[in-house]
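Just below is one structure, and these are the notes that go with it.
The values are calculated or read from the model by the stated rules, or taken from the named source; none is laboratory data. All values derive from a computational prediction rather than experimental measurement. Note that each Cβ is placed from the backbone with ideal geometry, even for glycine, and that neighbours are counted across all protein chains shown. All accessible areas refer to the heavy atoms of the entire protein, side chains included, with ligands and DNA or RNA removed. Shrake-Rupley method; radii C 1.70, N 1.55, O 1.52, S 1.80 Å.
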Amino acid sequence: MAALVSAFTGVVGLALGFFGVPSFVTPPTARPVAATATATVTATVTASPAPGPSSADGAAPSASDRKDKDVPLTDVDPLGAGYVNMERKPVTMDGKRFEDAITAEELGSYETLSYSINERYKSLTVTVGLDDDSPAAPARVSFKSGGEDGKTLKSATAQINRPVKVTVDVTGVAILSIVAESDDCVCTLGLGSPVLHRG
């Protein structure tokens, strides 16, 4: 019976389709078809750049912030030819070797070395003494503002086996002069690790 009904329904659907009439008759044996929708989701992630170093207020440090505050005096060219025996050369004082140093072998009775520092620094630190192989004749070192006849900022005595670290206030100094003197003219003076400080 079911086969007969199914055949009849098919014939009616075919006839209606032939005359252009849509068929609304569903065969009793037809199974409903469920539609399955598949959704594809694409997520876009924007990567943030890695945070760099910043200052206290959160801004990136400027070039001036990164600039070194300390400058070796040996990196500054001396003025003119007011020196003869003083040169950039390593020195050993009391067993400690200073690779960055100013030395004066057979220091003359009066030697001067001047630098234009243009009021950019606050202080100079330096170790003053005699080379370990020097005769034990003491020498005197004066740090002056201006030329060799300028105002004395600090003085120190260079002795064998007794180097001393000296700090010189150079605030407002445009020309820094180092004057070295020895009565015997035989010693080797050492100025170890001379550094200009901005702060």
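Values as computed for the structure displayed
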item	result
All positions within region 148-178 that are basic (K, R) and within 21 Å of M93 (Cα to Cα)	K154, R162, K165
Entirely in region 119-170, the strands (runs of 3 or more DSSP E) that have 2 or more residues that are under 21 Å from C187 (Cα atoms) and over 36 Å from the mean Cα position of the chain (by Cα)	139-145
Single condition Q159 does not satisfy, out of (1) at pLDDT 95 or above; (2) open to solvent by less than 70 Å² (accessible area, probe 1.4 Å); (3) at negative phi	(2)
For M93: the one exception among (1) modelled with pLDDT of 95 or more; (2) in contact with a Ser or Thr (Cβ under 8 Å, 6 or more places away or on another chain); (3) farther than 28 Å from Q159 by Cβ	(3)
Search result, residues across region 95-118 that are outside any strand (DSSP E or B) and out of contact with any helix residue (DSSP H, G or I) (no Cβ under 7 Å at 6 or more places or on another chain)	G95, E99, E105, E106, L107, G108, S109, Y110, I117, N118
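Let's see how each residue does on (1) open to solvent by less than 70 Å² (accessible area, probe 1.4 Å); (2) at pLDDT 95 or above:
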{"position": "K122", "(1), (2)": "no, yes"}
{"position": "D131", "(1), (2)": "yes, yes"}
{"position": "A136", "(1), (2)": "no, no"}
{"position": "E148", "(1), (2)": "no, no"}
{"position": "V170", "(1), (2)": "yes, yes"}
{"position": "A174", "(1), (2)": "yes, yes"}
{"position": "G199", "(1), (2)": "no, no"}
